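Working notes for the structure below.
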Amino acid sequence: MKGLLIVLTLLFSLSTLNAAVELKQFKNAEQEQRYKNIIDELRCLVCQNQNLADSNAGLAQDLRKQVHKMILAGDDDEAIFDYMVTRYGDFVLYRPPFKATTFLLWVGPFIIFALGLFVLIRFIRQRKKVVVTELNSGDKEKLKQLLNEDKEQS
Amino acid sequence: MKRTLWPLIAFMILVVFLGIGLTKDPRKLPSPFIGKPAPAFTLPQLHQLNKTFSPKDMLGKVWILNVWASWCVSCRAEHHVLNSLIQNNKVNLIGLNYKDQVADARRWLSRYGDPYQVSVSDVEGLAGIDWGVYGVPETFVMDKKGIVRLKHTGPVTNKDITEEIIPLIKMLEKE
């Protein structure tokens with residue numbers, strides 16, 4: 001039983017490993033590192049929440065092939081990103097450029113954070129304003145009594 | 001306004017925005033090709049492999065490029081729409097057979113009908129990359145100067161044809 005489980009686990013882990021590991025030859029380690037960085041930064045448009053490195057879709061394979069080809073041809077990173085953006089738009093980048101159409105995307109979270117902070121500060125300030133009423137002499141006497149009772153019991 | 005109402009109002013605004021988000025199709029992306037020249041390619045024609053087709057051949061005409069494949073299920077749903085488009089209108093419809101085998105594509109067309117003036121065979125999917133194809137079927141409309149004017153991702157419906165594509169083509173014909 002245990003053996004079978006191990007075999008099954010290994011099989012499944014192999015199938016996920018296979019997803020993005022294609023044998024690609026590079027001239028040097030630097031090129032290979034660049035390849036890895038680039039396919040990490042590009043989105044697969046078929047399965048939109050995966051990058052090219054993770055996706056096993058046909059399009060992702062083709063685009064990986066294209067990135068590989070361009071690296072071997074001596075294109076720099078910028079040229080490769082440009083190539084993808086002219087074809088698929090900014091959406092292909094996991095880190096889209098900062099411009100008018102992506103303004104809200106970049107600044108939105110900070111605006112919401114500032115808004116939340118503002119509301120929180122106002123809330124805390126208002127809570128401090130709770131009026132503390134002094135105890136009158138009768139109340140003080142009662143309090144003393146209660147405390148003394150407590151001491152006697154213990 | 002009562003202060004206790006504010007969280008409810010904020011929540012309602014959030015619900016409205018999320019609701020709008022639900023009605024949008026995340027597969028529909030703005031195409032970077034609108035207003036730009038149609039990407040060039042020269043590829044063999046599906047029915048006569050010794051002949052080639054290039055978007056340049058269509059200069060001076062308004063034309064539609066429909067990207068499809070025999071392995072694509074939603075292309076089948078779209079196909080009868082294209083067949084009736086051809087029957088009812090005078091349009092130049094070119095098919096780009098994307099990442100498909102020639103024999104499979106030919107069999108598919110003989111079974112479901114062939115609405116295409118010319119079918120282009122892109123076995124490797126190279127033209128597909130240049131045209132930014134990510135979800136077949138995709139449909140492009142080009143004007144007489146070869147500029148891309150419309151991109152439709154996913155199957156075209158009769159409603160898309162009558163409300164969007166035909167009016168656009170009529171307008172472009174006059175340009």
Only one of (1) in contact with a Leu (Cβ under 7 Å, 6 or more places away or on another chain); (2) without any contact (Cβ under 8 Å) to a residue 12 or more places away in the chain is not met by B:Ser110, so which one is it? (1)
In this structure, is B:Ser84 of a type outside the set (A, V, I, L, M), part of a helix (DSSP H, G or I), more than 14 Å from chain A (Cβ to nearest Cβ) and without any contact (Cβ under 8 Å) to a residue 60 or more places away in the chain? no
Extreme residue, most open to solvent (accessible area, probe 1.4 Å), among residues of the range B:32-42 that are more than 11 Å from every other protein chain (Cβ to nearest Cβ) and part of a loop (DSSP other than H, G, I, E, B): B:Thr42
Would you confirm whether or not the range B:123-135 contains a residue that is over 12 Å from the mean Cα position of the chain (by Cα), more than 16 Å from A:Arg87 (Cβ to Cβ) and either open to solvent by less than 40 Å² (accessible area, probe 1.4 Å) or away from every other protein chain (no Cβ under 14 Å) (or both)? no
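Okay, residues lined up against (1) more than 14 Å from chain B (Cβ to nearest Cβ); (2) open to solvent by 60 Å² or more (accessible area, probe 1.4 Å):
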| site | (1), (2) |
| --- | --- |
| A:Cys44 | no, no |
| A:Asn49 | no, yes |
| A:Asp62 | no, no |
| A:Ala79 | yes, no |
| A:Gly89 | no, no |
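Okay, residues lined up against (1) over 19 Å from the mean Cα position of the chain (by Cα); (2) within 13 Å of chain A (Cβ to nearest Cβ); (3) part of a helix (DSSP H, G or I):
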| site | (1), (2), (3) |
| --- | --- |
| B:Ile20 | yes, no, yes |
| B:Pro26 | no, yes, no |
| B:Pro30 | no, yes, no |
| B:Pro44 | yes, no, no |
| B:Leu49 | yes, no, no |
| B:Lys56 | no, no, yes |
| B:Leu65 | no, no, no |
Requiring at least 3 residues that are touching a residue at least 40 places away in the same chain (Cβ under 8 Å), the helices (runs of 4 or more DSSP H) wholly within the range A:32-145 are A:58-72, A:77-88
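Just for the range B:92-122: of the residues that are among the polar types (S, T, N, Q) and part of a strand (DSSP E or B), which one is farthest from the other protein chains (Cβ to nearest Cβ)? Steps first, please.
Narrowing the range B:92-122 to residues among the polar types (S, T, N, Q): B:92, B:97, B:101, B:110, B:117, B:119, B:121.
If we keep only those that are part of a strand (DSSP E or B) as well, we get B:92, B:97, B:119, B:121.
Working: B:Asn92: 24, B:Asn97: 15, B:Ser119: 20, B:Ser121: 16 Å.
Within the range B:92-122, the match that is farthest from the other protein chains (Cβ to nearest Cβ) is B:Asn92.
For the range B:136-174, which residues satisfy the criterion of being in a strand (DSSP E or B) and away from chain A (no Cβ under 14 Å)?
If the condition is that a residue be in a strand (DSSP E or B) and away from chain A (no Cβ under 14 Å), then B:Thr139, B:Val141, B:Met142, B:Ile147, B:Arg149, B:Leu150, B:His152 are the ones that fit.
The values are calculated or read from the model by the stated rules, or taken from the named source; none is laboratory data. The structure presented is a predicted model; accordingly, all values stated were derived computationally and were not measured. In this analysis, Cβ positions are derived from the backbone assuming ideal geometry, glycine residues included, and neighbour counts consider all displayed protein chains. Just so you know, the surface numbers come from the protein's heavy atoms only, side chains and all, with ligands and any DNA or RNA stripped out. Shrake-Rupley method; radii C 1.70, N 1.55, O 1.52, S 1.80 Å.
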